[in-house]
Structure formats: structure tokens, C-alpha cells
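The values are calculated or read from the model by the stated rules, or taken from the named source; none is laboratory data. Here the structure is a predicted model, which means the values were calculated and not measured. Positions of Cβ are generated from backbone atoms using ideal geometry, with glycine treated the same way; all protein chains shown enter the neighbour counts. These area figures cover heavy atoms from the full protein model, side chains too; ligands, DNA and RNA do not enter into them. Shrake-Rupley method; radii C 1.70, N 1.55, O 1.52, S 1.80 Å.
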Amino acid sequence: MVIPISIQLYTVRNEMANSNHLSILGRIARIGYKAVESGPGSGMNAAQFRNAVDQFGMQVSAYSCAFPTPETLQETIDTAKILGTDLLMAGFWIPDYESVEAIKRTAEKVNAVLPGLEAAGLTMCLHNHWFEFQPVEGRLAIEWLLDDCPNLKLEMDVYWAAAFGANDPAAMLAKYADRTPMIHVKDGPLVQGQPHQAVGAGKQDIGAIMAAADPSVLRWATVELDECATDMMQAVEESYKYLVQGGFCTGNR
């Protein structure tokens with residue numbers, strides 16, 4: 001299975017600071033990434049961001065946004081359309097999963113906007129952290145949430161899904177492969193609080209993880225490193241080479 005490769009621009013947020021965003025987008029394009037996952041920022045509105053990405057020969061794989069509310073739903077839809085993507089990614093935080101009751105409230109927030117997104121031709125993918133894959137009252141938090149949100153899709157972050165070695169991320173992905181059109185690919189020591197590493201340099205079994213995805217569902221493999229033990233742009237390039245030269249992903253180089 002060879003999946004197109006994207007990068008979450010949160011990875012290079014520090015490098016893009018101080019009006020350096022166009023330079024970094026250019027470097028990402030020259031490395032060979034097919035797409036970026038993000039939204040308007042760095043002083044650019046959605047149309048300006050889309051234009052910049054287009055000029056570098058890439059596309060927006062998914063709109064990274066705050067989880068919409070009924071009040072912000074139309075703005076979210078409009079922005080996604082301008083960016084030229086039908087995929088959205090958003091997440092919640094620790095208090096939203098601290099109990100079964102909290103998870104049910106989170107599910108209500110999700111279900112309040114999913115029909116409107118679907119009617120607009122958009123797919124919302126939940127981006128997880130580690131706490132969705134930790135137990136809450138005898139089950140993983142993600143299990144409680146997905147029971148109550150049968151139409152919610154996932155952008156599974158396979159590093160956080162491992163929950164620092166508590167879970168097999170390939171098994172987690174296989175379990176939810178039919179509802180996972182995107183994955184966040186990251187690597188590292190699987191130790192909480194320690195920085196990430198270029199994909200292929202850490203303890204993740206990337207081959208097993210990629211093999212666990214459903215090729216008829218998965219549309220993007222997106223590199224994301226929250227922080228890194230080495231120079232970030234070096235890690236961005238090394239991650240690309242590992243995934244593309246290893247035959248897991250396809251890029252523009």
C-alpha cells in the first residue's frame with residue numbers, strides 16, 4: 001500500500017515564525033511532500049494560504065481547525081471549501097475525556113455538527129492524543145466516544161495511540177481501519193515527556209502500522225512531530241525519505 005504523504009504544519013510552527021512561512025513551505029515542497037495539513041495563519045487568510053500552497057505545487061490535505069460548534073459550523077465549511085479539501089481534523093483535550101459523563105458530553109458536541117458537515121460534503125476526522133487511548137472506567141476513552149459517535153471518522157495519531165507502550169498502535173489502527181481516512185505518522189522513544197524523532201528513527205514499527213491500514217479507506221499519511229530531539233527540518237526531510245524510499249508513501253520527489 002502506497003499512500004500520498006502530507007505534513008502537519010504544527011510540526012514546523014517555530015520554523016515558520018517571524019514571517020518565515022513562505023520559505024518553509026518552499027523547503028517542504030522541495031523535499032517532496034505532496035500536501036500540507038493546516039489552515040489559514042501566519043497573517044494569511046484561507047484564500048491566501050491556499051494560493052501559497054498551490055504555488056509550491058502542493059495541496060491542502062486536510063483543514064486543521066477547532067472543533068466546530070453550531071455557531072461556527074458555516075464558517076468552518078466555507079473555509080474548508082476555500083482550502084480545497086473535503087477533510088477536516090480537530091480534537092479535544094484532557095477534561096473532555098476525564099470520565100464517562102465527560103465523554104458523553106463530548107459526543108454530544110460531535111453529533112451536533114456532523115450532519116451539517118456531511119451535508120456539505122465534508123468528513124470530520126478526530127485527531128487523538130494519548131488520553132483517548134488510556135482507560136476510563138474499564139474501557140479506552142476512544143471506545144466510549146466512538147460508541148456514541150458512529151459517524152465520526154478518525155485521523156489516528158499512531159504514536160499517541162500507543163499510549164507510551166501501553167497499546168500496540170498497529171492493532172489500534174487495524175481495529176478502526178474502516179473509519180480512518182488519515183493517519184498522523186510520528187516516531188520516538190515512547191516515553192512521556194521525551195521529544196519525538198524522525199519517522200523511522202524511533203521505536204515505532206512503521207511497517208506493521210502501515211500494513212494495518214485499510215488501503216480502500218486511508219487517503220493520507222501525514223507526518224507530525226510535536227517536538228524533536230534533532231533539528232526539525234532535518235527530521236522532516238528524514239521522515240519523508242524513510243516513508244517514500246521505504247515504499248510506504250508516495251511523494252513528489
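Restricting attention to the range 8-25, which residues are outside any helix (DSSP H, G or I), modelled with pLDDT of 95 or more and open to solvent by 80 Å² or more (accessible area, probe 1.4 Å)?
Arg13, Asn14
Looking at the range 134-141, is at least one residue of a type in the set (Asp, Glu) and either buried (at least 21 other Cβ atoms within 10 Å of the Cβ) or in a helix (DSSP H, G or I) (or both)?
no
Does the range 117-126 include one or more residues that are surrounded by fewer than 21 Cβ atoms within 10 Å (Cβ to Cβ) and within 24 Å of Ala166 (Cα to Cα)?
no
State whether one or more residues within the range 83-94 are among the charged types (D, E, K, R), farther than 20 Å from Thr222 by Cβ and open to solvent by 10 Å² or more (accessible area, probe 1.4 Å).
Taking every residue of the range 83-94 in turn, none turns out to be among the charged types (D, E, K, R), farther than 20 Å from Thr222 by Cβ and open to solvent by 10 Å² or more (accessible area, probe 1.4 Å).
Report, by residue number, each residue of the range 98-114 that is open to solvent by 10 Å² or more (accessible area, probe 1.4 Å) and in contact with a helix residue (DSSP H, G or I) (Cβ under 7 Å, 6 or more places away or on another chain).
Val100, Lys104 - these are the residues of the range 98-114 that are open to solvent by 10 Å² or more (accessible area, probe 1.4 Å) and in contact with a helix residue (DSSP H, G or I) (Cβ under 7 Å, 6 or more places away or on another chain).
Which count do you get for residues in the range 224-253 that are loosely packed, with under 14 Cβ neighbours inside 10 Å, touching a residue at least 12 places away in the same chain (Cβ under 8 Å) and in a helix (DSSP H, G or I)?
So the answer is 1.
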